[in-house]
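The structure under discussion appears below in the form of structure tokens.
The values are calculated or read from the model by the stated rules, or taken from the named source; none is laboratory data. As the structure is a prediction and not an experimental result, all values here were calculated from the model. Backbone-built Cβ (ideal geometry, glycine too); neighbour counts: all protein chains shown.
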Amino acid sequence: MPEIVLPEVELNIHTPKNPTEAMVVENYVCTAESSPNIVRHMTFDISGTDLEGKFRVGQSIGVLPPGENEKGRPHKLRLYSVSSPSKGEGGERHLVSTTVKRAMDEVDGTFYMGICSNYLCNLKIGDKVKVTGPSGKRYLLPENIHDFNYVFFATGTGIAPFRGMIIELFEAGFKGEVALVFGCPYRTDVLYPKFFSEMAQENENFHYIKMISREDRREDGSKYYVQTAIDGETETLDPILSKENTLIYLCGMKGMESGIYHNLAKRGYLDYLVLKGDLAERDPKDWSWEEVKTQIKPSPRTFEEVY
């Protein structure tokens, strides 16, 4: 296994007490138009600020929405994963992008104030926004990217860092194996579908797996989730996961990691995990869900970003 060397990064050049200003230059829907879940791709121009060229793929940008909460205090900072590669959106170091979901009530379909996300979704080209960052120093691609293979697991807007990572890998002429497992409720909720489909068509070493939970069923009648790809897409994933130089990254809603870790263990991929208590001495099929949630941690080969 090659040594995992993460790049040195600059952190918190701008903080909530000292934000800088960026301008919106892109704001478009990146799901199917018929999707009830409106997710937008946003690009900010940070020209002339000392953030220009400082974001590495995998890091986050902070946004400070205007106004105050019910207690009269400024709204809190919200972090968003960068969806552009390290060289910037479209190769422009002064452009940084992210992926934002508008907050909506799933029962009656009305929008509510997910303060920062809805603020961003309402912005128009040319609008200014207060930003901070960069944030994050571990959820990064290694410096020696060509020494590894990668399996990415994402749900919802957790796809953001993988868009940037995949661009970065293949623009660097990556020859190893990359798999992206993306989970969402409906086909209309798939994010950046054209981009990832075209990447898979153009690169034999990029494997794009979509797990649609509310439309499809597995042979046993159970639903498809990102974790079920581990034992359901074995023809694609086993050859990659079994390599000693493969790294796993996962990003999305908190809780997704438990199912992924449990299924990795059941498939015998224990090198990606750190087991506590007596789990290592027992069959993973016998582990309780409480044990799975509390006694499994990621090993250095696994990178986790959940929220």
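Scan the strands (runs of 3 or more DSSP E) fully inside the range 123-235 and keep the ones with 1 or more residues being in contact (Cβ under 8 Å) with a residue 60 or more places away in the chain and among the aliphatic types (A, V, I, L, M).
The qualifying strands (runs of 3 or more DSSP E) are 128-135, 149-155, 178-184.
Restricting to the range 251-270, give me the number of residues that are outside any loop (DSSP other than H, G, I, E, B) and under 17 Å from Asp231 (Cα atoms).
12
Can you name the condition, by its number, that Arg56 falls short on among (1) within 23 Å of the chain's Cα centre (by Cα); (2) not in a loop (DSSP other than H, G, I, E, B)?
(2)
It is to be established whether one or more residues within the range 99-115 are at pLDDT 90 or above, assigned by TED's automatic domain parsing to the domain that holds Gly62 and crowded, with 19+ Cβ neighbours inside 10 Å.
yes
Looking at His75, His94, which one is farther than 28 Å from Met165 by Cβ and either touching a strand residue (DSSP E or B) at 6+ places or on another chain (Cβ under 8 Å) or modelled with pLDDT of 95 or more (or both)?
Going through His75, His94 in turn, just one is farther than 28 Å from Met165 by Cβ and either touching a strand residue (DSSP E or B) at 6+ places or on another chain (Cβ under 8 Å) or modelled with pLDDT of 95 or more (or both): His75.
If you check Arg187, Arg163, which single one turns out to be of a type in the set (D, E, K, R), over 22 Å from Leu79 (Cβ atoms) and not assigned by TED's automatic domain parsing to the domain that holds Glu92?
Arg187
Condition check ((1) on the phi > 0 side of the Ramachandran plot; (2) assigned to a loop (DSSP other than H, G, I, E, B); (3) out of contact with any helix residue (DSSP H, G or I) (no Cβ under 8 Å at 6 or more places or on another chain)) across all residues:
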position	(1), (2), (3)
Met23	no, no, yes
Leu51	no, yes, yes
Leu79	no, no, yes
Pro85	no, yes, no
Gly90	yes, no, yes
Thr98	no, no, no
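Might you check whether a residue that is hydrophobic (A, V, I, L, M, F, W, C) and not assigned by TED's automatic domain parsing to the domain that holds Tyr80 occurs anywhere in the range 122-140?
Among the residues of the range 122-140, at least one is hydrophobic (A, V, I, L, M, F, W, C) and not assigned by TED's automatic domain parsing to the domain that holds Tyr80, which makes the answer yes.
Only one residue in Asn69, Asn12 is within 21 Å of Tyr307 (Cβ to Cβ) and free of Cβ contacts under 8 Å to residues at least 60 places away in the same chain. Which one?
Every option except Asn69 fails the conditions.
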